[in-house]
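Participant: Below: one structure in structure tokens.
The values are calculated or read from the model by the stated rules, or taken from the named source; none is laboratory data. Source: prediction; values computed, not measured. Cβ atoms come from the backbone with ideal geometry, glycine included; neighbour counts cover every protein chain shown.
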Amino acid sequence: MNLYQGIKRRRSIRKYANEELSLTRLDELEKELESVRKFDSEVSVGARLIRDGRALQEDISGIIADYGKVEAPHYLVLTSEDTEDGYVELGYRYEFVVLALAAQGIGTCWIGKGFSDEQLDRYVQLPPGQKCVTLIALGPLPDGEELDEIGDPKRKEIGHFLVNGDPGNLNEATREIIDCLRRAPSALNGQPWRVIVEEGTVHLYLRARNKVTKMVLKSLNQLNRVDAGIGLCHLEVGGNHFQEAVETRKVTHPERRGLSYIGSLTDRD
Ligand SMILES: Cc1cc2nc3c(=O)[nH]c(=O)nc-3n(C[C@H](O)[C@H](O)[C@H](O)COP(=O)(O)O)c2cc1C
């Protein structure tokens, strides 16, 4: 199964089987973390696998459980430099891992952080200059559950994401690619992505928050940047499935008030 099928089947898993992934699988995952795809290789982000997730869970007094009602056998602790580009990069790089796990029938759930970096001290050493931004819970699905293709995801209609134009004017491939985008996970299912389609290029934007909201909701603002990176990963996977010779990168793009540019799916140079 490929990453595109991962997009169609992935959903957040909050209850896991009472068993762990095999040691071999965990070793492979650690190797995969070393060679994840990068959008901007200059930005510092990282991931550490916590193999004994249940111990972490107990040790931090169920904060994770209270915060997101998730109990998983393993976690990835995702860290980033404290910049907006860092958060986007973190979402982009590790959503590829989430999709690869979904394609193998392994459950995941992104978790907005609900505890301090100090509480992680016993489990991971955070890279200097980086802080923990989110976790990804992961593990085998409960008995009898599978990740089946989702026909009608709980998402806004395709037209909602288009800044200009009518979804009826899009060609079939572009519609399918935007469908891949809207299926992405996002904090509180906020789906903060917007797109402008211009001669075959899909420009991705994040609905910007005003300065006051940004200050008051600092952590939600960070998570929305993570959402943006996750969306960019979905655009790229969708683009590679439905078109040939495309890639995501920053290009000349239209500016719109209230929208913050993230990157574009466009022809390879
Ligand atoms: C950055 C980010 C943070 C999230 N934080 C949490 C969380 O703390 N607890 C939780 O249960 N789900 C969390 N989620 C999962 C979203 O609620 C979920 O992706 C969304 O509701 C869509 O559902 P789906 O993933 O099943 O498609 C988070 C997702 C993202 C991308």
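Participant: Within the set of pairs 6 or more residues apart or between chains, which connect a residue that is on the phi > 0 side of the Ramachandran plot inside segment 242-269 to a residue that is in a loop (DSSP other than H, G, I, E, B) and loosely packed, with under 11 Cβ neighbours inside 10 Å with Cβ atoms less than 8 Å apart?
Facilitator: Cβ pairs passing all conditions: ALA245/ARG268.
Participant: Which pairs do you get when a residue that is among the acidic types (Asp, Glu), found in segment 174-193, comes within reach of a residue that is at pLDDT 95 or above and surrounded by fewer than 19 Cβ atoms within 10 Å (Cβ to Cβ), reach meaning Cβ atoms under 6 angstrom, with the pair 6+ apart or on two chains?
Facilitator: GLU176/PHE242
Participant: Let me ask something else. Residues in segment 226-251 that are in contact with a Ser or Thr (Cβ under 9 Å, 6 or more places away or on another chain) and either under 20 Å from LYS38 (Cα atoms) or in the same structural domain as LEU78 (by TED's automatic domain parsing) (or both): how many?
Facilitator: Of the residues in segment 226-251, 16 are in contact with a Ser or Thr (Cβ under 9 Å, 6 or more places away or on another chain) and either under 20 Å from LYS38 (Cα atoms) or in the same structural domain as LEU78 (by TED's automatic domain parsing) (or both).
Participant: Quick check: is even one residue across segment 136-155 within 16 Å of the ligand (Cβ to nearest atom) and closer than 24 Å to THR252 by Cβ?
Facilitator: no
Participant: Determine, yes or no, whether ILE111 is under 18 Å from ARG194 (Cα atoms), touching a residue at least 12 places away in the same chain (Cβ under 8 Å) and surrounded by 12 or more Cβ atoms within 10 Å (Cβ to Cβ). Spell out the reasoning first.
Facilitator: On the way: under 18 Å from ARG194 (Cα atoms): no; touching a residue at least 12 places away in the same chain (Cβ under 8 Å): yes; surrounded by 12 or more Cβ atoms within 10 Å (Cβ to Cβ): yes.
For ILE111, the condition - under 18 Å from ARG194 (Cα atoms), touching a residue at least 12 places away in the same chain (Cβ under 8 Å) and surrounded by 12 or more Cβ atoms within 10 Å (Cβ to Cβ) - is not met.
Participant: While we're here: I'm trying to understand the selection: among the residues of segment 119-135, which are within 13 Å of the ligand (Cβ to nearest atom) and not hydrophobic (A, V, I, L, M, F, W, C)?
Facilitator: THR134, the sole residue that qualifies.
Participant: When you scan segment 1-55, how many residues do you find that are touching a residue at least 24 places away in the same chain (Cβ under 8 Å), acidic (Asp, Glu) and more than 20 Å from LEU99 (Cβ to Cβ)?
Facilitator: 2
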